[in-house]
Each structure stands twice: as C-alpha cells, then as structure tokens.
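Engineer: I have a structure here, written as structure tokens, and I will follow up with some questions on it.
The values are calculated or read from the model by the stated rules, or taken from the named source; none is laboratory data. Please read these numbers as outputs of a predicted model, since none were measured by experiment. When we count neighbours, we look across all protein chains shown, and the Cβ atoms used for this are built from the backbone with ideal geometry, even at glycine.
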Amino acid sequence: MDATVLGAWVATGLTLFIFSFLYKDNPLFKLAEHLYVGVSVGYTIVKAYDTVIVHLIVKPIFEQGEFALLIPVAIGLLMLTRYVPKAAWLSRYAFAFIVGVGSGLAIPRTISSFILKQVEDTVRPVLSLAGGDGVTFSMNLLNPASSINVIIILIGVISVLFYFFFSIEHSGPGKIVARTGVMFLMIAFGAAFGYTVMARMSLLIGRLTDLIEFSDASYGNPTLWLAILTVGVLLVLSRRSSPGEQEK
Amino acid sequence: MIFLRRQLPLLITMVTGLLFAGQYYVPHPSSEQLLTSATKWLQIVGGFALVLGVTSLFHQHAAKIRRKEEGWGYSLVLYAGMLGTIAVGLWANGKESVEGAMTAFGWVYSYMMVPLQGTMFAILAFFIASAAYRSFRARSREAAVLLIAAVIVMMGRVPLGEYLIPLSGDVSQWILNVLNASVRRAILIGVSLGAVALSFKIIFGVERSYLGGGKE
C-alpha cells in the first residue's frame, strides 16, 4: 500500500476517533488520546535529542573541540541526582544555575522591552504636525496611531492598571476609573474569546477539509468506511454497557 | 555541610544572576559572547530537564501496567506510540524529509501528530460554544459588554459576518488593535513589574522555593 494512502487511512481514523468524543467518552477516543500523548512525547524526545545532544553537545565537542560544553553537561547530569535520595541535594546546583541565569537575563530585558517600551508606546503625542496642515488632531478610528486612538489607549492602560492597584480604596473618582478599567477588561476578554473560537473553527474546517479529501475513491474511501466502523463500534459499545450505566 | 547544601546554591544563583543582569549594560564583544554561551548552556541543561519529565511519565504508566489498573491497555498504546516515534525518529536522524522525500518520521508527524493535534483542538470549538451558551447570558452590564465584543469579533472574522453586518470587520479590527491592545499592554506592564520583583527576590535569596524542600 502506498504511504500516502496508508497515511490517509490512519489520519482519517484518528480524526474520527477523536470526534467520537462529541457523542460520549469511549474507548476509541481514549485510544487516540493516549496515542497522541505517546507520539507527541516521542516527537519531542527525538527533536530534543537532535537539537541538544547531536547539535549542541556531540558535534561541537568532537568536531570543534569545544570542551567547555562539558560544564553544562555536568550541570545537566546533576539534575538527574533527583533519583538518588542521598545525593538529591546536588540537583539544587543545576536549578540554582538555571534560575540565577534566567533571573539575571530577565531583569534588564523585561524592564527595557516590556515596561519602558510599552510605556513609551502608550504616552505618545496627541497632536501631530504631518504634512502642510499645521497641527492636526486625527479622528480616524481605523488607524491605531490616530490621535483619538492614542487617547483611548492611554485611558485603557491607566484605568486597567488602576483597577489592579489595590493599595488604595476604589471609591469616589477612583471607583469611576476602576469601573472604566473593568469595561476595558471585559471588552478585551470578549475579543480574546471571539478570536479563540474562530481559531478553533478554523482548525475544525481544516480537519473537515481533510475528511472530505480523504473520502475520495483514489484513497479507497477511508472517510466512509472508517465512519461506518466508528459508528458501528459506538453502537456495539452502547448496547454492551450495563442498564445502570445507561440510566446514568 | 549546610554550606554545600543550602548556601552554595543560593550563592550560585546570586552570582550568576548579578553577572547576567550586568552583562546587558556591557557593550563589548566578550559580553555578547558570554550571552551566546549562556543561552547555549541553558538549552543543554534544559534538555536534561526533559529527561526528568519523560521519566516521570514513564514511571506513572509503567506502574499502571504492572498493577494492571483499569485502562492499563491505553498505557501500552502510549508506550507503543512513544517508542515507535522515537525509533523512526532516530532512524531518520530527526529529519521529516530528506531531499524532498518524506521519511518515516515525517509520515508519523504528518499523518498522526498533525491530525491528532488539530482534531483535539478543533473539538474544543464545540465545548467553547456550549460553555458560551451557558455563561454568556447578559446577566450584568459587564457580561453584556463581553458578549457584544465577542460577537462583533466573531462576525468580523468571517465573510458571512461581514456580509450580515458590513461594519463588523472594521469594528472588530478596532476592538483588537485599540481596546484589546490597551488592556494587553496594561497587563503586560503589571506582569513585567511582578517578574522583575520576583527576579530580584530570587537573586537576593528571599525567594527560595525553587530549591525544593527536604533536608537542609
């Protein structure tokens, strides 16, 4: 059998097995779910082996003589002392190194990129001197850099930050600012939700497109046959389940 | 012994933390070289962390099979999937294709991993829709705002939505680029301030939970 045709049968079967969960939890779904975990872990291991062991350790050490790389290898091996209770404390050196380097790298970069840069982009000039029109105030909502949007973004950032600032009581004018922050948050959560739903829909369309493609006779109609098989198995399983379970 | 077990790790954290925080402010080639090496070192040490995670998964399912717990057969399927993928991956030297031809590892990726991953996330569309139906009823002003924003963004991202509500595309873009961006920016600033504070606490030994519990 051609590898593409076999692939079409496997991909269709696994897709239908996962979709069978929409009916109820069943052995076909569990099989595909566990296979997914296994294949994903296997894939990650192979990629990590290829990237770390082959390209970062073996080749640089044996081909370029970078023996300094034996130090991170030793630090990494210290991590595995977790499995030896008496020597488990040695793994602290590995964690101390990772956490120390990570923290040190994070401080200046976070301040520069995520605090100062974000503040700089928030506090922008409201009026502009573009073209020969003198000082202008742009009301174009569709341009994120327009004057009106600059003001809206400024209000949004300040009110949301204020909402999360609990050192003073949100009362009086502060309550109005905090309420504005909540409204901004709700709009952002709604937008994020809508965006996520559409992303999932896009994935669903992708899977259905594959099922339609694989229903072609050139592949041996896997969609049709495997759909019949899946429905058949689900019917048999539902008949086999005990009356008590059915009531549940 | 307490120095080796407790104080030396804290000292390592402090020295490496201060060294790499200071590295950012030294515009010298050797400083850049130090950063490049440290990034490589972190990747190598991180690779060993993966061993810890995988071993834990291995142990958990091995115990399930040994005790013949309910559903132990699925653990066998997990093992078969994992070992099979590792075998074909090593055979193909971790490459999905060689000179344009798909390897067995590439086949596993294209016909097993991609469909499984895609379908697993795709079925969430149904669960999100059902959760939305239950929780999106406009019971308060905030819930109504959330509902309206979600509907506009959903309508604005499909041709049918734009056909039914012509303005939805532009309004959706405005919500995403302006209102959503301002909230994300505020949250990012807050989270970053927290991350910087936590990094300082770690470097100066105030936060020590990463060392784990157990004996001193």
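For every residue, the table says whether it meets (1) touching a residue at least 24 places away in the same chain (Cβ under 8 Å); (2) β-branched (Val, Ile, Thr); (3) more than 7 Å from chain A (Cβ to nearest Cβ); (4) under 18 Å from residue A:208 (Cα atoms).
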residue: B:115; (1), (2), (3), (4): no, no, no, yes
residue: B:119; (1), (2), (3), (4): no, yes, no, yes
residue: B:122; (1), (2), (3), (4): no, no, no, yes
residue: B:130; (1), (2), (3), (4): no, no, yes, no
residue: B:133; (1), (2), (3), (4): no, no, yes, no
residue: B:142; (1), (2), (3), (4): no, no, no, no
residue: B:152; (1), (2), (3), (4): no, yes, yes, no
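Engineer: Something else about it: Go through region B:84-113 and report how many residues are of a type in the set (A, V, I, L, M), within 24 Å of the chain's Cα centre (by Cα) and within 21 Å of residue A:51 (Cα to Cα).
Structural biologist: Going residue by residue through region B:84-113, those that are of a type in the set (A, V, I, L, M) are B:86-88, B:90, B:92, B:98, B:101-102, B:104, B:108, B:112-113.
Going one step further and asking which of them are within 24 Å of the chain's Cα centre (by Cα), we end up with B:86, B:108, B:112-113.
Next, from what is left, pick out any that are within 21 Å of residue A:51 (Cα to Cα): B:86, B:108, B:113.
Number satisfying all stated conditions: 3.
Engineer: Here's another thing I want to ask about it. List the residue pairs whose Cβ atoms are under 7 Å apart, where the first residue sits in region A:46-70 and is closer than 15 Å to residue B:91 by Cα, the second is of a type in the set (Ser, Thr, Tyr), and the two are 6 or more positions apart or on different chains.
Structural biologist: Matching pairs, first to second residue: A:46/B:85.
Engineer: I've got another one for you. Could you list all residues from region A:143-152 that are under 14 Å from residue B:171 (Cβ atoms) and at pLDDT 85 or above?
Structural biologist: A:149, A:152, listed by residue number.
Engineer: Say whether the condition of being within 7 Å of chain B (Cβ to nearest Cβ) and either closer than 18 Å to residue B:37 by Cα or at pLDDT 95 or above (or both) is met by at least one residue in region A:74-90.
Structural biologist: Looking for residues that are within 7 Å of chain B (Cβ to nearest Cβ) and either closer than 18 Å to residue B:37 by Cα or at pLDDT 95 or above (or both), one finds at least one in region A:74-90, hence yes.
Engineer: Answer yes or no as to whether residue B:141 is surrounded by 15 or more Cβ atoms within 10 Å (Cβ to Cβ) and among the basic types (Lys, Arg). Outline the logic, then answer.
Structural biologist: Details: surrounded by 15 or more Cβ atoms within 10 Å (Cβ to Cβ): no; among the basic types (Lys, Arg): yes.
When the stated conditions are applied, residue B:141 does not pass them.
Engineer: With respect to residue B:41, is the statement that it is surrounded by 13 or more Cβ atoms within 10 Å (Cβ to Cβ), at the interface with another protein chain (Cβ under 9 Å from one of its Cβ atoms) and out of contact with any strand residue (DSSP E or B) (no Cβ under 8 Å at 6 or more places or on another chain) true?
Structural biologist: For residue B:41, the condition - surrounded by 13 or more Cβ atoms within 10 Å (Cβ to Cβ), at the interface with another protein chain (Cβ under 9 Å from one of its Cβ atoms) and out of contact with any strand residue (DSSP E or B) (no Cβ under 8 Å at 6 or more places or on another chain) - is met.
Engineer: Among the listed residues B:161, B:194, identify the single one that is crowded, with 17+ Cβ neighbours inside 10 Å, more than 7 Å from chain A (Cβ to nearest Cβ) and assigned to a helix (DSSP H, G or I). First the steps, then the outcome.
Structural biologist: Working: B:194 fails: crowded, with 17+ Cβ neighbours inside 10 Å.
It is B:161.
Engineer: Right, next: Could you tell me whether region B:63-76 includes any residue that is exposed (fewer than 14 other Cβ atoms within 10 Å of the Cβ), part of a helix (DSSP H, G or I), out of contact with any His (no Cβ under 7 Å at 6 or more places or on another chain) and at pLDDT below 95?
Structural biologist: For region B:63-76, residues exposed (fewer than 14 other Cβ atoms within 10 Å of the Cβ), part of a helix (DSSP H, G or I), out of contact with any His (no Cβ under 7 Å at 6 or more places or on another chain) and at pLDDT below 95: present.
One line per residue, one yes/no per condition, for (1) at pLDDT below 95; (2) touching a Gly at 6+ places or on another chain (Cβ under 8 Å):
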| residue | (1), (2) |
| --- | --- |
| A:2 | yes, no |
| A:9 | no, yes |
| A:12 | no, no |
| A:17 | no, no |
| A:46 | no, yes |
| A:54 | yes, yes |
| A:62 | yes, no |
| A:69 | yes, no |
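Engineer: Within region A:186-213, how many residues are closer than 26 Å to residue A:15 by Cβ and among the small types (Gly, Ala, Ser)? Please lay out each step first, then the result.
Structural biologist: Of the residues in region A:186-213, the ones closer than 26 Å to residue A:15 by Cβ are A:193-213.
With among the small types (Gly, Ala, Ser) added as a condition, the list becomes A:194, A:199, A:202, A:206.
Within region A:186-213, residues that are closer than 26 Å to residue A:15 by Cβ and among the small types (Gly, Ala, Ser) number 4.
Engineer: Looking for whichever is of a type outside the set (Val, Ile, Thr) and farther than 26 Å from residue A:178 by Cβ here; the options are B:190, B:118, B:194. Which one fits?
Structural biologist: On the way: B:190 fails: farther than 26 Å from residue A:178 by Cβ; B:194 fails: farther than 26 Å from residue A:178 by Cβ.
One residue alone meets the criteria, B:118.
Engineer: Among the residues of region B:44-61, which ones are more than 7 Å from every other protein chain (Cβ to nearest Cβ) and without any contact (Cβ under 8 Å) to a residue 12 or more places away in the chain?
Structural biologist: B:46, B:53, B:55, B:56, B:58, B:59, B:60
Engineer: Now a separate question. For region B:85-109: of the residues being facing chain A (nearest Cβ under 8 Å) and under 19 Å from residue A:8 (Cα atoms), which is modelled with the lowest pLDDT?
Structural biologist: Checking each candidate, the answer is B:102.
Engineer: Next question. Failed condition for residue A:186, given (1) surrounded by fewer than 18 Cβ atoms within 10 Å (Cβ to Cβ); (2) of a type outside the set (S, T, N, Q); (3) more than 23 Å from residue B:126 (Cβ to Cβ), with all others met?
Structural biologist: It is condition (1) that residue A:186 fails.
Engineer: Same structure, new question: Tell me whether region A:131-151 contains one or more residues that are assigned to a helix (DSSP H, G or I), over 30 Å from residue B:52 (Cβ atoms) and within 8 Å of chain B (Cβ to nearest Cβ). Break it down stepwise before answering.
Structural biologist: The first filter runs over region A:131-151 and keeps only residues assigned to a helix (DSSP H, G or I), leaving A:147-151.
Filter once more, keeping what is over 30 Å from residue B:52 (Cβ atoms): A:147-151.
In the following step, the residues that additionally are within 8 Å of chain B (Cβ to nearest Cβ) were identified as A:149.
Yes, some residue in region A:131-151 is assigned to a helix (DSSP H, G or I), over 30 Å from residue B:52 (Cβ atoms) and within 8 Å of chain B (Cβ to nearest Cβ).
Engineer: Ok, one more. Given the criterion of a type in the set (S, T, N, Q), more than 14 Å from every other protein chain (Cβ to nearest Cβ), without any contact (Cβ under 8 Å) to a residue 12 or more places away in the chain and part of a helix (DSSP H, G or I), identify the matching residue among A:171, A:238.
Structural biologist: Within the list A:171, A:238, the selection yields A:238.
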